[in-house]
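Before any comments, here is the structure.
Any read-out appearing in this document is the output of simple, stated calculations on the displayed coordinates, not a laboratory observation. Just so you know, these numbers come straight off a predicted model, no measurement behind them. Positions of Cβ are generated from backbone atoms using ideal geometry, with glycine treated the same way; all protein chains shown enter the neighbour counts.
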Amino acid sequence: MTAQLQTSILPSEKPRKDIKLIESTYKSNTLSDYTEKIEHLYKNFKYSNNSNHYWNEPELSMLYGTPLYESASASQKLALNHVHWFGMYNVVAASETETIAYNQITSGVFSACGYETLARELALETHQERSHINAFHKIGYMTMKDLLGKEAFKAPLKGKLHQLTSQDVVQSPTSLRLLKSLFLKCENSSLASSQYNFLRFAAKKMLKQNQQYYSQYLKELDENNKFIPVSTTGLIGRGISPKSLQRFFAFNWGSSPFLASQYYSVRIMANMVLKNTEHGISKYFKSLAKKGEVIPDPTAVSHYHFLDESFHSTTSLVLARDLYKNFSPPTAYEKYIANLAIYMMQCGILSGISATAPDRYYADDYSLMYFVYRLLQSPVFEMSTQDALYWMEKCFCQEHEGFQMAAKYHQRLRLDMCRFYENLDYLWPVNREMRVMATGGSVDKAVQNNIKLFQDFSKLVTSENL
Ligand SMILES: [Fe+2]
Ligand SMILES: [Fe+2]
């Protein structure tokens with residue numbers, strides 16, 4: 001970092017603990033070999049070599065604690081354990097694809113501020129995410145192909161099934177519901193880009209004092225008339241939607257030092273969601289190693305990923321919690337944007353519990369129903385349509401042990417999040433205390449939501465004979 005640039009954004013001399021922590025993280029991350037271990041494991045992965053072992057504790061199995069799980073055979077239980085690994089890392093891969101874009105967007109701002117070591121750490125993390133994504137895709141694809149056959153990759157139904165909107169929009173607080181509806185109406189029309197251009201124009205005006213920090217990555221996209229990449233399947237894609245709104249946030253995160261650092265108050269949410277599950281898998285890895293038992297490759301990948309991600313979590317922590325204090329105090333606009341992002345993420349990815357996986361916190365189970373339906377008709381269960389719907393009703397719409405487990409995971413995650421967000425002095429109380437998330441931990445609410453959605457789902461699959 002150059003002294004000249006440091007002083008231009010640092011009004012006073014302070015002990016630079018945050019910078020020291022970034023430097024030591026970069027050094028340790030550079031010296032580590034976890035990514036190389038992951039690469040070796042996934043390149044040699046064969047499902048048949050790993051299919052007879054649990055990849056994590058049984059509680060991390062799809063449909064764990066449901067009546068169906070209780071009556072499943074030993075081989076079906078094993079398959080459900082592997083399917084959970086696939087489902088979880090499918091979302092992680094999509095979220096890390098988002099991370100690659102946002103690391104580059106924000107890194108441009110930090111480079112313009114003179115934080116070169118930080119920019120190098122973010123480049124290293126981006127490189128590591130690419131390997132992680134390849135590992136999750138390859139292991140996940142091979143597992144699902146062997147377990148469920150090619151049917152597993154049939155795209156979720158287009159048309160009617162997609163028109164049934166997740167309760168995410170319906171259940172969001174009124175103000176957010178209006179905002180989302182406004183954007184959703186235009187999502188598939190030419191109005192979407194006008195809407196984005198208008199918002200971007202307004203953001204540019206609000207952030208004009210930060211012009212010199214505008215991200216190089218965004219500049220290059222502008223010069224090539226390219227859109228900012230967005231996603232619908234990663235955690236940010238699910239939390240901040242539709243796409244034009246996501247692009248608006250990305251533009252803001254790449255346009256001011258405060259907002260660039262506060263993208264990490266969103267990224268740390270994904271870090272904590274992952275850690276809430278992966279820490280358990282890492283402990284499982286250690287217990288197998290201690291007992292001298294076979295360690296399945298996916299378990300080892302999870303363990304080394306957990307270690308790689310601990311560097312990434314430290315980066316998120318330092319940037320979100322400390323770094324922003326070195327910049328000019330945020331304007332009312334910057335505080336509003338940073339708060340809105342966290343608020344939307346709470347509504348989108350943390351406002352519920354699931355009947356089928358303890359570590360899934362979306363507003364409802366709607367997007368999982370089709371997957372479970374296919375799973376029950378696959379070679380693992382070989383159910384008829386009627387039997388599949390019978391068991392789905394029992395699993396999604398009636399209280400069972402799986403919901404209690406999910407409530408426990410949700411509660412543990414919320415406490416972790418509160419411990420972190422209470423440090424951010426600019427946050428609205430609804431974010432500092434994770435109040436939206438708090439309302440999502442109810443078993444009764446989850447059951448009631450699923451009852452309504454399952455009625456629509458079963459009518460649709462029966463009428464369409466899917
Ligand atoms: Fe990763
Ligand atoms: Fe990461």
> Where Lys and Arg each count +1 and Asp and Glu each count -1, what net charge lies around residue 284 among other residues with Cβ under 13 Å from its Cβ?
Replying inline: 0
>> Only sites in a loop by DSSP and with at most 10 other Cβ atoms within 10 Å count here; which GluC sites (Glu not before Pro) in region 374-442 make the cut?
In response: 382
> If the cut-off is 18 Å between C-alpha atoms, which lysines fall inside it for residue 335, apart from same-chain ones fewer than 8 positions away?
Replying inline: 204, 205, 208, 325
>> Given points 7 Å out from each Cα along the Cα-Cβ axis, report the residue 16 to residue 100 separation in nanometres with one decimal.
In response: 3.1
>> Counting each pair of different Cα atoms once, what's the Kirkwood radius of region 330-373 in Å, rounded to one decimal?
In response: 12.0
> What list of whole percents do you get for P(r) of region 206-259, with Cα-Cα distances grouped in 5 Å bins up to the one holding the largest distance?
Replying inline: 4, 19, 25, 23, 19, 8, 1
> If region 17-119 were replaced by its equivalent ellipsoid, with semi-axes equal to the square roots of 5 times the Cα gyration tensor eigenvalues, what would those be, largest first, whole Å?
Replying inline: 39, 17, 13
> Measuring from label point to label point, each 7 Å out along Cα→Cβ, what is the residue 211 to residue 412 span in nm?
Replying inline: 5.1
>> Could you tell me the calculated FRET efficiency between residue 49 and residue 404, based on Cβ-Cβ distance and R0 = 35 angstrom, to the nearest 0.05?
In response: 0.50
> Between the helical axis of 385-397 and the dominant principal axis of the chain, each derived from Cα atoms, what acute angle in degrees is found, rounded to the nearest 10?
Replying inline: 50
> With axes computed from alpha carbons, what is the tilt in degrees of helix 332-349 against the longest principal axis of the chain, rounded to the nearest 10 within 0 to 90?
Replying inline: 10
>> Among the listed pairs 77/275; 243/408; 283/408; 27/138; 37/138, which have their C-alpha atoms separated by more than 26 angstrom in this model?
In response: 243/408; 27/138
>> Please report the projected area of region 205-316's Cα convex hull averaged over all directions, in nm².
In response: 8.9
> Between residue 333 and residue 204, what is the label-to-label distance in nm when each label sits 7 Å out along the Cα-to-Cβ direction?
Replying inline: 1.2
> Using the eigenvalues of the Cα gyration tensor, what equivalent ellipsoid semi-axes result for the chain when each is taken as the square root of five times the eigenvalue, whole Å, largest first?
Replying inline: 38, 27, 20
> In degrees from 0 to 90, rounded to the nearest 10, what is the angle of the helix 191-206 Cα long axis to the longest principal axis of the chain?
Replying inline: 40
>> Please list log₁₀ I(q)/I(0) at q = 0.19 Å⁻¹ for region 347-466, using the Debye equation with identical point scatterers on the alpha-carbon positions.
In response: -0.95
